[in-house]
1. Anyone know which of 156, 50, 210 comes out most mobile in the 10 Å Cα GNM of the chain?
2. When the distances between all Cα atoms of the chain are binned every 10 Å from zero, what whole-number percent does each bin get?
3. Suppose R0 equals 35 Å; then what is the FRET efficiency for residue 171 and residue 56 from their Cβ-Cβ distance, rounded to the nearest 0.05?
4. Would you please calculate the Kirkwood hydrodynamic radius of the range 116-226 over all C-alpha pairs and express it in Å, rounded to one decimal?
5. Rounded, prolate or oblate: which one fits the range 168-228, using the alpha carbon gyration tensor with axes a ≥ b ≥ c (rounded when a/c is under 1.5, else prolate when a/b beats b/c, else oblate)?
6. For the chain, what is the calculated [θ] at 222 nm in deg cm²/dmol (nearest 500), taking -39500 (n - 2.57) for each run of four or more DSSP H residues and dividing by its residue count?
7. Rg (Å, one decimal) plus Dmax (Å, integer) for the alpha carbons of the range 8-64?
C-alpha cells in the first residue's frame, strides 16, 4: 500500500485540467471534466490500493477552497443586479417551489424504496451545494458523506444533461435556464451555465444561494413530517 500520497494533489489537478481541455475540444456533454476525472482517479486509487482517506489528506486544500469558490459566485450576481431587482418576486417563488420539490421528491422516493430515515435524511439535501448539504444532513440525522455523494451525482446529471433537456423542451429564456439549473444542480450546474452564458450563470448562482438558504431552514421542519407518512 502506498502511504505517501504527496502526489495526490498534482495528480488531481493534472487529471482535471486534461479532462477540461478534452471537454473544450470535443464539446460533448458526457465529457464533463468532473465526470472524466472521477472515471480516471477512482480506478487509479483502486489499482494502487490507496485508501480514500490518504488520498483526501493529500489533496485537502481543494476541499478547503470549496466554500470560497461558492462565495466567488456572488460576482455574476452583482453584474446582473438590475435584472434581479426587477424580478425578485418571481425568483423567490421559483426557488421556493424548486427547493420544496427537491426536498419532498428525494425524501419520499428514498422512504418509499425502503430506506431508513438516516439514509433519507442524507438524500434530502441532494440539490444544494456540498457544504450546505453536509450541514443540513448533520442537523436532521443524516450521514454527511452520503449527502456529498448524492450532491455530486445530481450535479453531474444536471451539468451533463441539463442544457440538452432545456433545448428539447423548448426552454430558451436565460433566466429560466439559469434558475432551473441552480435550483436542481447547485454549483456544478452553475459552473456549466457560466461556461455557456454569463447571464445564465448569474441566475444559476442566485438560485444556488437562495435554495441553499431555504433548504437549510425548511429541512428540519419538513423532514419529520415526511418520515411520519411512512412510519
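1. 50
2. Taking all Cα pairs of the chain, the binned fractions are 8, 30, 34, 23, 6, 0 percent.
3. On the way: r = 38 Å, r/R0 = 1.08.
The pair residue 171/residue 56 has a calculated efficiency of 0.40.
4. Working: mean 1/r = 0.0723 Å⁻¹.
Final number for the Kirkwood radius of the range 116-226 is 13.8 Å.
5. Note, shape of the range 168-228 comes out prolate.
6. Values: 13 runs with 189 residues, N = 231.
Value at 222 nm, helices only: -26500 deg cm²/dmol.
7. Over the range 8-64's Cα set, Rg and Dmax evaluate to 12.0, 34 Å.
Bear in mind that the values in this text are calculations on the coordinates, not laboratory data. From a predicted model like this one, the values you see are computed outputs, not experimental measurements. As a convention, Cβ positions derive from the backbone with ideal geometry for all residues, glycine included, and neighbour counts pool all protein chains shown.
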